[in-house]
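Beneath this line is the structure, given in structure tokens, with notes to follow.
The values are calculated or read from the model by the stated rules, or taken from the named source; none is laboratory data. Please read these numbers as outputs of a predicted model, since none were measured by experiment. So basically every Cβ, Gly included, is an ideal-geometry build from the backbone, and we count neighbours across all protein chains shown. Each accessible area value is taken on the protein alone, full model and side chains, heavy atoms only, with ligands, DNA and RNA left out. Shrake-Rupley method; radii C 1.70, N 1.55, O 1.52, S 1.80 Å.
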Amino acid sequence: MLIDTYGRVATDLRVSLTDRCNLRCTYCMPEEGLQWLAKPDLLTDDEIVRLIGIAVRDLGIEEVRFTGGEPLLRPGLPGIVERVAALTPRPQMSLTTNGIGLQRTAAALRDAGLDRVNVSLDTLRPEVFQAMTRRKRHDDVLHGLEAARAAGLTPVKVNTVLMPGLNDDEAPDLLAWAIAHDYELRFIEQMPLDAQHGWKRDGMITAGDILTSLRTRFTLTPESRDARGSAPAERWIVDGGPHRVGVIASVTRPFCRACDRTRLTADGQVRTCLFATEETDLRTALRSGAPDEEIARLWKVAMWGKKAGSGLDDPSFLQPERPMSAIGG
Ligand code: SAM
Ligand code: SF4
């Protein structure tokens, strides 16, 4: 098991497949992009599958989420999914994506064994999409979402970050749209993980703001604590059901006490938290011929050092060196 000193057990593994992306969301990346990882530094497909194998066989991981950067940019993705689906025990597998390219790949990913997708979409307005992502790809994302639903990658979840003065007036419209299309909408509070270090607590849209805005049009009833489990999203039943809306309030209502995550970066570093300042290097161990038992041991030691919380409320909080796109959101 991957257990930490606070008794939390990690069963959910986030695997970043690349730090590259075809969008430039303002809360994530600068316009010019970043210094990408060099190819030899990236884990190979074989190395990724081997590490996931160790995680599910020896360390109790039950769920694997592929992310990035933009994971659909990784050419080997369908093959990785297929090989992970063949592992025993077979983990649940999902993908967090900006949706570009999903129209072409959704059915193949489903056939390879992917269970679900989370697609990030912040706005229903093409011009706001362009302002927020610095690319004209709004239609591609909408088509990707439709393809995911048609392929049965359900429930299709939609992740939305609200930014002041850009899309913060859109929460009720986005919820009405999500309900009409049978997508499950989740709002994510903006976190200090942008490469430009532009985040300001007093400039962010909080969970409280989001709920106030949604309640202008919908009746929201909190879902029971039991239904939430260790999920980061607090969920509300909309207008008596069956639809739900989630809010991931990492800043104003952190859920660290129930965290069941461990993370693997595209260059083979274990991170115990999005906000961790330390990493454990599994790639060097892999490439120097370490057996599975040794890699599992290193991973367990890393988890044992997991901090109690993100430290966001601590006056000494320091933003991690890696931005969200290089950690794997
Ligand atoms: N490119 C894929 C995507 O956008 O879904 C996967 C990686 S992205 C880093 C994963 C999620 O992190 C997205 O839903 C994105 O909106 C969110 N995200 C990125 N930067 C963020 C920030 N500073 N605060 C909160 N969420 C952020
Ligand atoms: Fe790319 Fe996702 Fe970051 Fe947007 S949030 S720039 S889509 S990695």
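If you put +1 on each Lys and Arg Cβ and -1 on each Asp and Glu Cβ, how big is the dipole of region 251-309 around its Cα centre, in Debye rounded to 20?
Details: 11 positive and 8 negative charges, 75 e Å.
The dipole of region 251-309 has a size of about 360 debye.
Note the angle between two axes, namely the Cα long axis of helix 292-304 and the longest principal axis of the Cα atoms of the chain, as a number of degrees from 0 to 90, rounded to the nearest 10.
Value to nearest ten degrees: 50.
Using 7 Å Cα-to-Cβ label points, what is the ARG297/ARG57 separation (nm, one decimal)?
Simple spin-label model gives 1.8 nm for this pair.
For region 268-329, taking Cα atoms only, what is the radius of gyration to one decimal and the Dmax to the nearest whole Å?
When restricted to Cα atoms, region 268-329 yields Rg and Dmax of 13.2, 42 Å.
Work from the charge dipole of the chain (Cβ charges, +1 for Lys and Arg, -1 for Asp and Glu, about the Cα centre) and give the residue of PHE66, THR133, GLN92 farthest towards its positive end.
Towards the positive end, the residue furthest out is GLN92.
With unit charges on the beta carbon (Lys/Arg positive, Asp/Glu negative), name the residue among THR123, ILE179, HIS143 whose Cα is farthest towards the positive pole of the charge dipole of region 122-187.
Value computed over the given set: HIS143.
Cα to Cα, under 23 Å, and not fewer than 8 places away if on the same chain: which lysines meet these conditions relative to LYS136?
Partners within reach: LYS157.
If you stretched the chain out fully between ASP314 and ALA38, how much longer would it get, using 0.36 nm times the residue separation minus the C-alpha to C-alpha distance? Each step should come with its number before you reach the end.
On the way: separation 276, 0.36 × 276 = 99.36 nm, distance 3.42 nm.
Here the segment from ASP314 to ALA38 would lengthen by 95.9 nm.
Using +1 on the beta carbon of Lys and Arg, -1 on that of Asp and Glu, and nothing else charged, what's the dipole of the chain about the Cα centre, debye to 20?
Numbers: 42 positive and 46 negative charges, 54 e Å.
About 260 debye.
Helix-only mean residue ellipticity at 222 nm, the chain, DSSP H runs n ≥ 4 weighted -39,500 (n - 2.57), per residue, nearest 500. What is it? Don't jump to the answer; show the numbers that get you there.
Values: 11 runs with 102 residues, N = 329.
Result for the chain, helices only: -9000 deg cm²/dmol.
Residues with amide H under 5 Å of GLN190's amide H, sequence separation 5 or more or different chain, H placed in the peptide plane at 1.01 Å from N; which?
It is LEU162, ILE205, by chain and number.
For region 1-121, what Kirkwood radius comes out of the mean inverse Cα-Cα distance, in Å?
Working: mean 1/r = 0.0656 Å⁻¹.
Evaluated on region 1-121, it is 15.2 Å.
Gain in length, MET1 to ALA231, computed as 0.36 nm per residue apart minus the alpha-carbon separation, to one decimal in nm? Intermediate values should be presented prior to the final figure.
Details: separation 230, 0.36 × 230 = 82.80 nm, distance 1.91 nm.
Length gained between MET1 and ALA231: 80.9 nm.
Check the cysteines of the chain one by one and keep only those with no other cysteine Cβ under 4.7 Å from their own.
Cysteines of the chain left without a disulfide-compatible partner: CYS21, CYS256, CYS259, CYS273.
Across the chain, how large is the tail of the calculated P(r) beyond 26 Å, expressed as a percent of all Cα pairs?
Numbers: 24884 of 53956 pairs.
Beyond 26 Å sits 46 percent of the P(r) for the chain.
Pulled fully out, how much extra length does the chain show between ARG134 and ALA107, if you take 0.36 nm times their separation in residues and subtract their Cα-Cα distance?
Details: separation 27, 0.36 × 27 = 9.72 nm, distance 2.80 nm.
Contour length minus Cα-Cα distance gives 6.9 nm.
Measuring with a 1.4 Å probe in the full set of protein chains, what accessible area per residue, in whole Å², belongs to the chain?
Details: 14230 Å² over 329 residues.
I get 43 Å² per residue for this part.
Enter the mean projected area of the convex hull around the alpha-carbon atoms of region 82-230, in nm², rounded to one decimal. Provide the component values of the computation, followed by the final result.
On the way: hull surface 42.8 nm².
Spelled out: convex hull of the Cα atoms, projected over all directions, averaged, 10.7 nm².
Taking the Cα centre as origin and putting +1 on Lys and Arg beta-carbons and -1 on Asp and Glu beta-carbons, what dipole magnitude results for region 1-53, to the nearest 20 debye? Kindly include the intermediate steps, with their values, before the conclusion.
Working: 6 positive and 9 negative charges, 24 e Å.
The dipole magnitude comes to about 120 debye.
Note down the nm distance, to one decimal, between modelled labels 7 Å out along Cα→Cβ at VAL9 and at ARG201.
Once both label points are built, they end up 3.5 nm from each other.
Could you work out what % of the accessible surface of the chain is carbon and sulfur, using a 1.4 angstrom probe and leaving DNA, RNA and ligands out of the count?
On the way: 7230 of 14230 Å².
Ligands and nucleic acids excluded, carbon and sulfur give 51 percent.
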